[in-house]
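The values are calculated or read from the model by the stated rules, or taken from the named source; none is laboratory data. From a predicted model like this one, the values you see are computed outputs, not experimental measurements. Glycine gets a Cβ as well: all are built from the backbone with ideal geometry, and neighbour counts include every protein chain shown. These area figures cover heavy atoms from the full protein model, side chains too; ligands, DNA and RNA do not enter into them. Shrake-Rupley method; radii C 1.70, N 1.55, O 1.52, S 1.80 Å.
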Amino acid sequence: MDIFKAFEERYSHKEGFLPTEVPLTDLERIAKAGIAAPSGVNRQTVQLIILPNRDALAPVCAVAPTIGLETAPAAIAVLTDRTITPADAFNFEKEDYSAAVQNMLLAATALGYVSLWLDSPYFDPEKERQARAALSAPDTHRLWAVLPIGKPSVTGSRREKLPFEQRVTVL
């Protein structure tokens, strides 16, 4: 799919997923798109964990059950390695993970899947810790988001965007 078509079609799928398996090769392509994203000072802090099936996804779902996590056939967890970044003004973990997530959402759309940027459950430090433990991720990492990936069980829709002219100025 053309990248501009992916921009137009991508939406946050907040409904259920079909149980249709997502091939590991597709999940790897989506993950490769994530790690191809730019990163602050090229520190490449983003670490991904592919959850290729319900068995792998179930422990994370138990921490923060949502319809997406409860029904998705696969997911990708997005973490950053805190040992790579300083705790000062040059810490770009949020920007790094955000760029990686956007690339993966577009890649999933281009491959014919739907997904969702699911990060709010991990704003709670205890849920973030529990989910990270369920993923066997070290304490030196921060879990930012889990992207459920699959085919939609119902047709979703993209929210309407404001007109170009209201958001873009040409000088």
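Within the range 88-106, the set of residues being surrounded by fewer than 22 Cβ atoms within 10 Å (Cβ to Cβ) and either in contact (Cβ under 8 Å) with a residue 60 or more places away in the chain or closer than 21 Å to A36 by Cα (or both) comprises F90, N91, F92, E93, K94, E95, S98, A99, Q102, N103, L106. Specify the residue that is most open to solvent (accessible area, probe 1.4 Å); the eligible residues are those in the range 107-133 that are assigned to a helix (DSSP H, G or I) and under 20 Å from E15 (Cβ atoms). Taking the candidates together, the pick is S120. Restricting the first member to the range 153-171 and to residues that are over 30 Å from A72 (Cβ atoms), and the second to residues that are open to solvent by 100 Å² or more (accessible area, probe 1.4 Å), the beta-carbon pairs closer than 9 Å and six or more apart or on different chains are R167/K161. State yes or no: is L24 touching a Pro at 6+ places or on another chain (Cβ under 9 Å), without any contact (Cβ under 8 Å) to a residue 60 or more places away in the chain and of a type in the set (A, V, I, L, M, F, W, C)? Against the criterion (touching a Pro at 6+ places or on another chain (Cβ under 9 Å), without any contact (Cβ under 8 Å) to a residue 60 or more places away in the chain and of a type in the set (A, V, I, L, M, F, W, C)), L24 qualifies.
Filtered by the rule that a residue be open to solvent by less than 60 Å² (accessible area, probe 1.4 Å), more than 19 Å from Y122 (Cβ to Cβ) and either at pLDDT below 95 or in contact with a Gly (Cβ under 9 Å, 6 or more places away or on another chain) (or both), the range 28-70 gives S39, G40.
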